[in-house]
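In what follows, a single structure is set out as C-alpha cells and then discussed.
Taken together, the values in this text are just the output of simple stated rules run on the coordinates, not laboratory data. All values derive from a computational prediction rather than experimental measurement. Heads up, the Cβs are rebuilt from the backbone with ideal geometry, glycines too, and the neighbour counts pull from every protein chain shown.
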C-alpha cells in the first residue's frame, strides 16, 4: 500500500500534516470568521455578514491611519537597515583585527526578544528619567522622542537598532560566498573601488539583497512589540499599526470577526506587492 | 572607504549596540532612590532588583520558553527537512507547495491568532504551552522548510545517485549521504527557528498570558507606568538577554557559514 505512494510524497507527508493542522485550517477558519460578526461576548448571535466587515473598514479612520503608519514604518525601517547593513557588512568583510568579537557584538541585537528592546528604549528615551534626553539636554536639545511628531520615527530607529544586524548577517554571508574571479579581473583592469562596488559587487549580490529585503519587510509588517511596550498606538493614532490594532480589536474588544477582516486586508496588500515584485524579478532574470 | 574610516564606522556601530545594554546593566544594580538621577554613575550597587526578579517567576518563564522553543524546533526540523527534500528533489506538490511555504511566511500573526484563540478556547487548551507550541509552528516551520529547500537545491544530484548505486535505498541515501551535506545549514535553520520562537510575544501573550507565560510575556508584565519597577524590569530584561548573547557569541560564525552554504535562494 505504502509502496504505491510516489517517494516524494512519502517524504512530504509529515510536513503536509503539520502544515494543514497549524496553518491551513486556522487560515480557512480565519477567512470564514472575517465574513461573520463573531464577537466572543455574543457568540450566540454570530451570523454571516458577507463583506460587511471589509466595507466597514473603509470608513474606519483609525484603521486607515494604521495602514499608512505600517507602510511608512516598513519603508523607512527597511531602507535604513539595508543601507546601514550593506555598509557594515562591507566593513566587516575586510576587517582583520578582532574579527569574531566585532561580529558577535554587532549581531547581538537581533537575538534579543523585541519586547525587551522596546522596554529598554522606552526608558532610555523617556523624557523624565531617560539618559539619552538628559545627555542631549546638556547640549541644549529638548527632544520628546515619543511625542506626536517623532513617535513613529523613534519606532523606526528602534527597529533599525534591532534588525540591521539581520541585514548584516545575510549580506555578509552573501559577500563571503561570492566568486573571487570577477574581483580579480576588476583589479587587473585597474577599476576603482567605487566602480568595483557598483558594477561587480552590487550586481552579484543582488539576489541576496532581494531575499534580505523581502524577509525583513515581511517581518517589519508584523511590528507589535515596540508599540505594545512604548506607546500603545499613541499619542493619538501616531503609532497605531495593523498588528497592534488587530490585537486591540480582537483581544481587547472581543470583535474577532472584525479583527480577522483587518488582518486579511493587510495580507491582500502585502501579497500583491510581493507578487508584483516577483514578476518583475523573474522578467529581469530571463 | 579607507581603512581608518572603516574602523571608525565599526567602532561607532559597536558603541551604539553596546550602550543600551551597558545602561540596562547599570540600572539593574541601582536602588529606587538612585534611579531618580538617570545619569549618575556614583551609587551604591544593590542586588535587590535581581533577587526580586529571580524569585518572581522569571526563571520558570525562561524554562518554559526553552521547552516551547525546543519542541517547536524539533517538530519543524523533522517535518521541514523531510518536506524540503521532497520539494527540492522530487518536485512534490509542485508550484503550490513552494507557494504555500512562501504564503505562510508572509502571513501576519494577526490572521492566525484569532482562529487559534477560538480553537484553543473551545478545546480548553488556552493557557498551556501546547497552544504556544502550535502557534509557534505556524512561523517556525515555514522558515525552516524554506531554508532547507535552498540547502537541498545546492546538493549535487550525482551524490545520491552514486549512493544508490552503492546499495543504499532512497531513505538510506537521504540519511547517510544527503543529510550530512546539509548539516551546517540544518544547524543554522535550527538556531534561527529557536530564536524566532524565543522572541515571540504576540502569540504567547494572547494564547497563554496567565499560567503558561513565556519569558517575553513575563518581561512585559514589568511594563507598568510606575517608574519604581524600572530596576526589576532591567534585571528581567537581562535574564532574557544574557543567555542568548552568550549563545550568539558561539554560533555567529556557524550562522554566517551555514547561510552562505545556499540558504539564500528565491
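Can you pull a Stokes-Einstein diffusion coefficient for the protein assembly as shown at 37 °C (0.692 mPa s), Rh from Kirkwood over Cα pairs, as a whole number of µm²/s? Don't skip to the answer; put the middle values down first.
On the way: Rh = 24.9 Å.
The calculation lands on 132 µm²/s.
In terms of surrounding Cβ atoms within a 10 Å radius of their Cβ, A:40, B:246 rank from fewest to most as B:246, A:40. By how many degrees, 0 to 90 and rounded to 10, does the Cα axis of helix B:109-122 deviate from the longest principal axis of chain B? Tilt of helix B:109-122: around 90 degrees. Counting every other Cβ atom within 10 Å of each residue's Cβ, B:55, B:136 order from fewest to most as B:55, B:136. Helices in chain B, meaning DSSP H runs of at least 4 residues, each add -39500 (n - 2.57). Divided by all residues, the mean residue ellipticity at 222 nm is -23500 deg cm²/dmol.
Our note on the geometry: Cα centres of region A:46-113 and region B:117-175, 26 Å apart.
Mean per-residue shielding of peptide B:80-87 is 6, counting Cβ atoms of other chains within 10 Å of each Cβ. On the basis of the beta-carbon distance and an R0 of 22 Å, residue B:51 and residue B:19 show a calculated FRET efficiency of 0.25.
Once the Cβ-Cβ distance of residue A:193 and residue B:161 is raised to the sixth power relative to R0 = 51 Å, the FRET efficiency obtained is 0.70. In chain B, the longest principal axis of the Cα atoms and the axis of helix B:94-106 are about 0 degrees apart. Note on residue B:175 and residue A:75: with the Förster distance fixed at 41 Å, the Cβ-Cβ geometry gives a FRET efficiency of about 0.35. Overall, the anisotropy analysis places region A:62-285 in the oblate class: the square-rooted eigenvalues a ≥ b ≥ c of its C-alpha gyration tensor yield a/c not less than 1.5, with a/b not exceeding b/c.
Using only C-alpha atoms and all pairs of different ones, pull out the Kirkwood radius for region A:178-259 in Å with one decimal.
16.4
A simple spin-label model places the labels of residue A:278 and residue A:45 4.2 nm from each other, with each point 7 Å out along Cα-to-Cβ.
Sorting B:215, B:205 by the number of Cβ atoms found within 10 Å of their own Cβ, with the fewest placed first, yields B:205, B:215.
Helix B:58-89 and the long axis of chain B differ in direction by around 20°, with both axes built from C-alpha atoms. The label-point distance for residue A:185 and residue B:123, in a model that sets each label 7 Å from Cα toward Cβ, rounds to 5.6 nm. When the label point is put 7 Å from the Cα of residue B:247 along its Cα-to-beta-carbon vector, which residues of region B:129-162 have a backbone N closer than 15 Å? What the label zone holds, given the 15 Å backbone N cut-off, is B:140. Over the residues of chain A, the helix contribution to mean residue ellipticity at 222 nm works out to -21000 deg cm²/dmol, using -39500 (n - 2.57) for each DSSP H run of at least 4.
Across chain B, Cα-Cα pairs more than 33 Å apart make up 38 percent of the total.
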